[in-house]
Amino acid sequence: MKIKAKLLLVVMLVLSLLVAGCSSSSSSSEEESGKVVLKFLHKWPQPEFAPYFEEVVKEFEKQNPDIKIKMEAIADEPIKDKLRVILGGNEVPDIMFSWSGEFARKFVRADAALDLTPYLTEDTAWKDSFIPASLQPFSSEGKNYGIPLRFNGKFFIYNKEIFEKHNLEAPKTWDEFLDVLETLKKGGETPLILGNQGPWAAIHYLTGLNQKMVSQDVRMKDYNPSSGEFTDPGYVKAMEMFADLNKKGYFMDNANSSSHDMAKQLFFAGKGAIFYVELEEFADADKNMKGNWGFFPMPSIEEGKGSQNFITGAPDGFIVSSKTKHPEEAIKFLKFLTSKENALKLVKQIGWPSPIDGATNPDTALKEVAEGVDFMKQAEGMAEWLDTDVHAKVADVYLSNIQLLLDGSKSPDAIIKEVQDVAKQVQSEVE
C-alpha cells in the first residue's frame, strides 16, 4: 500500500510539473511570438451585436499581426459590477466600456483613465471625424478621457393613425404636449406608454425635465459630487411635472410592474399613442409599425431656466486604462474601431447611430434615425442620463424613489430633500 501511495504521489508530481510546464510554455510562447496583447472589455454579448465586434477584431488582427485582442463581453447590468471591481483591483483591461458623464468621471478621479487629449490633438483628422457633441460628455476639466462608439438620444415616438384620428400634430411646447395628452385621454386612448419596472425608464423623463427646468450652470454644479446641493426649486418642479402626468391619468395602468419591453409591445399593438424611446429603438418601431409612426423631441418648457435646445441622451464608448503598458496600441485599436469604414458598418449592420460625422445617413440608416442624429447635431448640447451623470449615491436616491413618486406614495419635496441630504454626504466624502 505504501509503494502504491508513493507511486501515486510520483505520478501526481509528474503530472503537476507537466501542467505547469504547459502553462509556462503557453504564456512564454505568447511572449516569444512578439505580440502585444490588449484586453478589450465591452457590454454587447447578445447574438445580434457580438458578431460585429468579432469581425472588427478579426480584421484588426489581420492588419496588425503583432497585436492580439483578448475580448470579453458582459451584458449591461452585470458590467456595472464588473467595472466596480476593476476600479479597485489590478486586473484592469487595457480598453474598457464606459458610459459618459459621471460614470466615466469616477475613473478619472481614481486616476484609472488615461488622458486621451494628446492623441486627439495630435491626430486632428481623427478628432474632427466625431460629431463634437459626442466627445464633450467624455471630458473632464478640459481633458478628454473617452472615445464614443454610439451616439444615442431620447425621443417620443407616436402612432400616426391615432394622431390622425384625433386631428393631432406633434407638439413643440410642453403646454401643447399636455393638450395632446388630454385630447387623447378624452378620446378613449392611453396617451402615454411607460414600462417602469426598471426605474431608469422614468429617470429618462427626469433627465430631460431637470435639464429644461434648471439652468445649465446650476445643474453642472449640482451634478458635480464635490459641490452638489440640489436646492434649486426646478428639481422639485421637474418631479411634480412628471408625477402630474400620472395623476392626470396619462400613463398606462401598471407602469411600475411592466418592463420596458412589455410596454414596447403594447405600443406596437396600438394600445397607446406615445412612447419615450432611445434612437436605437427606432428600428423596432419601423419593423413593427411601417409608415405608421413619427417622432419628436421632449417639448420646450416656457418657464424653464435651462436651455430648451438640448436633447436627452448621451454617447457611450470606451476609456483606456491608465495602467496599460500599451497605450499606443490601444489608441491604434480605438482609431480602427471608430474609423469611417467601421462606423458605416456599425450603422448598417446593427442599426446603431454613430458619433462619426456622416456615418448615419439615409443610405446607411432609417430616414428617421438619420433625422434624429441631425437633431442631436443641431442641439446646443446633450442632457446625459441622470442615473449615470450624478454620483452613484445620488442616482440611487432617484432610482429607489421614482416608483414611489409614480404611485403617489412619496412626494417630490420628500424625495428631493433626500437627494439634498445624500448630496451633502457625498460632498464630505469627496472633499
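Read-outs throughout are calculated quantities, based only on the coordinates presented, and are distinct from any laboratory measurement. Since the structure is predicted, the reported quantities are computational estimates derived from the model, not experimental observations. Note: ideal-geometry Cβ built from the backbone for every residue, glycine included; neighbour counts use all protein chains shown.
The residues neighbouring E182, those whose beta-carbon lies less than 14 Å from its own, together hold a net charge of -1 under the Lys/Arg +1, Asp/Glu -1 convention. Counting charges near H166 (Lys, Arg +1; Asp, Glu -1) among other residues having Cβ under 15 Å from its Cβ returns a value of -3. Here the gap between K247 and K271, fully extended at 0.36 nm per residue and compared with their Cα-Cα distance, gives a gain of 6.7 nm. Given a Förster radius of 56 Å and the C-beta distance between S411 and E48 as r, what FRET efficiency does 1/(1 + (r/R0)^6) yield to the nearest 0.05? Once rounded, the FRET efficiency stands at 0.85.
Report note on the peptides 289-295, 315-321, 92-98: ranked by the mean count of other C-beta atoms within 10 Å, highest first, their order is 315-321, 92-98, 289-295. Among the listed pairs K185/K248; K127/K335; K165/K271; K172/K212; K290/K377; K35/K70, a Cα-Cα separation exceeding 18 Å is found for K290/K377.
The antiparallel fraction among DSSP beta bridges confined to the chain stands at about 60%.
The equivalent ellipsoid that matches the C-alpha gyration tensor of the chain spans semi-axes of 43, 25, 23 angstrom, in descending order. If you plug the beta carbon distance of D175 and E371 into 1/(1 + (r/R0)^6) with R0 = 35 Å, you get a FRET efficiency near 0.90.
From its DSSP helices (H runs of at least four residues, each -39,500 (n - 2.57)), the chain gives a residue-normalised ellipticity at 222 nm of -16000 deg cm²/dmol. Straightening the chain between K165 and T121 buys 10.5 nm, computed as 0.36 nm per residue apart minus the Cα-Cα spacing. Spin-label model, T183 to Q427: label points 7 Å out along the Cα-to-beta-carbon direction sit 4.6 nm apart.
On full extension, the segment bounded by A392 and S259 gains 45.6 nm, given 0.36 nm per residue less the C-alpha separation. Spin-label pair N361-A110: with each label point 7 Å from Cα along the Cα-Cβ axis, the two points sit 4.1 nm from one another.
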